[in-house]
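For reference, the structure is listed below as structure tokens.
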Ligand SMILES: C[S@@+](CC[C@H](N)C(=O)[O-])C[C@H]1O[C@@H](n2cnc3c(N)ncnc32)[C@H](O)[C@@H]1O
């Protein structure tokens, strides 16, 4: 990855993956959190879901973790002075804890589904709740473009994701598709940045702009066949 051009596009965006505040509220309601819940935003990116977590669980403490120092700095700046939030650099495979809930939007699959679920289970309290979004096929026969969208990652059916959660020791409380609005909330600001950077972009930057623009365009073509499934599951 050419990180310099990646961050030219991605620095300062409101979020780094698809997601919507309503999904956070839905997941927290399913979790039935204690008043003073400890919540981890695992793979928090620039912290785009932290406001929604605090709105859904006003008495909670949120520990936001990401491996990329520049996202950690962005999230930290966004919540500077809020005693309910701490942001730290760290790895999904070795989260601090234990937590009442882990919110993991578009990040668990960086470890692979099985290893990701096992890592989250280690960082939860007994009966703790994991909410994660995971690449999913919404049709039994996704086309070649929908399959290629995940660049080799083995996206599964909703049933396959629920089965993996069960095998990892979780009881699934609910699943739903991350809505198109959640994807647009990620792609639209990115596309505005791409347009702003186009004039005068050198070949290296143009290549990154093309790559990012193509991802959004591809998603709009395949969104009926694939996307993220949000899965909320309790450790049994
Ligand atoms: C698709 S982005 C989603 C960011 C954020 N959850 C959001 O929805 O805006 C995935 C994030 O996971 C982080 N990440 C990927 N693998 C990680 C790992 N092993 N440990 C910690 N963070 C990781 C990336 O740095 C990135 O910020």
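Yes or no, residue by residue, for (1) assigned to a helix (DSSP H, G or I); (2) in contact (Cβ under 8 Å) with a residue 12 or more places away in the chain:
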position	(1), (2)
190	yes, yes
193	yes, yes
196	yes, no
199	no, no
207	yes, yes
210	yes, no
214	yes, no
224	no, yes
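Does any residue of segment 143-152 turn out to be within 17 Å of the chain's Cα centre (by Cα) and surrounded by 12 or more Cβ atoms within 10 Å (Cβ to Cβ)?
Looking through segment 143-152, at least one residue is within 17 Å of the chain's Cα centre (by Cα) and surrounded by 12 or more Cβ atoms within 10 Å (Cβ to Cβ).
For segment 54-81, which residues satisfy the criterion of being away from the ligand (no atom under 11 Å from the Cβ) and either under 13 Å from the mean Cα position of the chain (by Cα) or surrounded by 17 or more Cβ atoms within 10 Å (Cβ to Cβ) (or both)?
54, 56, 57, 60, 61, 62, 63, 76, 78, 79
Of the conditions (1) within 16 Å of the ligand (Cβ to nearest atom); (2) within 17 Å of the chain's Cα centre (by Cα), residue 122 clears all except one; give me its number.
With respect to (1) within 16 Å of the ligand (Cβ to nearest atom); (2) within 17 Å of the chain's Cα centre (by Cα), residue 122 is out only on (2).
Residues that are over 22 Å from residue 126 (Cβ atoms), at least 2 per element: which strands (runs of 3 or more DSSP E) completely within segment 1-89 meet that?
61-66, 85-89
Can you pull out every residue in segment 138-165 that is in contact with a strand residue (DSSP E or B) (Cβ under 7 Å, 6 or more places away or on another chain) and farther than 22 Å from residue 43 by Cβ?
138, 142, 146, 157
Run residue 137 past the list (1) at pLDDT 95 or above; (2) surrounded by 14 or more Cβ atoms within 10 Å (Cβ to Cβ); (3) under 24 Å from residue 38 (Cβ atoms); (4) more than 11 Å from the ligand (Cβ to nearest atom) and report the number of the one that doesn't hold.
Residue 137 satisfies all of (1) at pLDDT 95 or above; (2) surrounded by 14 or more Cβ atoms within 10 Å (Cβ to Cβ); (3) under 24 Å from residue 38 (Cβ atoms); (4) more than 11 Å from the ligand (Cβ to nearest atom) except (3).
As an exercise: evaluate residue 24 against (1) surrounded by fewer than 21 Cβ atoms within 10 Å (Cβ to Cβ); (2) in contact with a helix residue (DSSP H, G or I) (Cβ under 6 Å, 6 or more places away or on another chain); (3) under 21 Å from residue 227 (Cβ atoms) and give the number of the one condition it does not meet.
(1)
The values are calculated or read from the model by the stated rules, or taken from the named source; none is laboratory data. All values derive from a computational prediction rather than experimental measurement. As a convention, Cβ positions derive from the backbone with ideal geometry for all residues, glycine included, and neighbour counts pool all protein chains shown.
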